[in-house]
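The values are calculated or read from the model by the stated rules, or taken from the named source; none is laboratory data. What you see is a predicted model; the values in this text were computed from it and never measured. So basically every Cβ, Gly included, is an ideal-geometry build from the backbone, and we count neighbours across all protein chains shown. Accessible surface areas use protein heavy atoms only, side chains included; no ligands, DNA or RNA. Shrake-Rupley method; radii C 1.70, N 1.55, O 1.52, S 1.80 Å.
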Amino acid sequence: MLLLGSLLDQVTDYFWELHLEKYFHQIRQEVLAHAYAEAAGTKENLQSELTNDLEMLKDQYADSIGGIVHSAVLRALVAGSLASFRWSLLLLVIAVSVLQMYLPRVLDEPLQKATDKISASNRKYLQTLADWLNGIDTLRRYAVGEKFLSIIHADARELESAYVKQQKADQELDYLNQAIYSLGNTLIFLLTAYFVARGQLEFGLIASVNDFSLYLFGSLMNIANYRG
């Protein structure tokens, strides 16, 4: 089963990437068609949309969909196994699941703002480069290269700061999910130990429940992160 699961993972990843490439090719065509039809906008904005923004779309949105589906299937299988042992274990899992799914939503707005800031800063950086490099001969004539570099460095630092803020928001989300993961893992272990001590579950489940918890709460943490 493990070998089959590993093989299916590889096959699924291949077809997922193939599908995404076709999808992004369609997006590029639509963006270009819109750019040719509309007089507004700049070449730098278009360049940012076709490179930076599409890369963020893949990393932070499209790939997350695949991760959510994968983790949700794993969670359903493990929850079913726990229910076959004891229904109260499943109830605990459901309670922790709700907590893990909705508590991280408090960070939705900071994550969205951080992502938008990267896109805006990247467009500004490309626009500044284009404006100055279009007049490269004038720069040489008046020897204002240092001024050019200082402005470029300022915009580059702004873009770098936007990436740092996004990473900070991502880390806060991850820390929150890790805390809930640890709480859920501890509770399910203690509840299993309680039933084993009362003779209502086999002792061997103490060893197995760690594996169940790893897959179950690990998949929940992944789903929460992917949703963020």
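Things to note:
- Residues of type lysines that LYS22 reaches as a straight line, Cα spacing below 22 Å, ignoring anything fewer than 8 places off in the same chain: LYS58
- Extension gain (nm, one decimal) between SER88 and TYR102, 0.36 nm per residue minus Cα-Cα: 2.9 nm
- Extending 7 Å from the Cα toward the beta-carbon at both ARG227 and GLN47 defines two label points whose distance is 4.0 nm.
- In straight-distance terms, cross-link reach from LYS147 covers every one of the lysines whose alpha-carbon lies under 29 Å from its own, apart from those fewer than eight places away in the same chain; here that gives LYS43, LYS117, LYS124, LYS165.
- Whole-percent carbon and sulfur share, accessible surface of the chain, 1.4 Å: 61
- Overall form of region 153-205 per C-alpha gyration tensor (a/c, 1.5; a/b vs b/c): prolate
- Estimated FRET transfer efficiency (THR12, GLU55; beta-carbon r; R0 25 Å; 0.05): 0.70
- Average Cα contact separation per residue, the chain, under 8 Å, 6 or more apart, as relative contact order %: 32
- Taking each residue as 0.36 nm, the span from SER182 to GLU160 lengthens on full extension beyond its C-alpha to C-alpha distance by 4.6 nm.
- Gyration tensor (alpha-carbon) shape descriptor, the chain, a/c threshold 1.5: prolate
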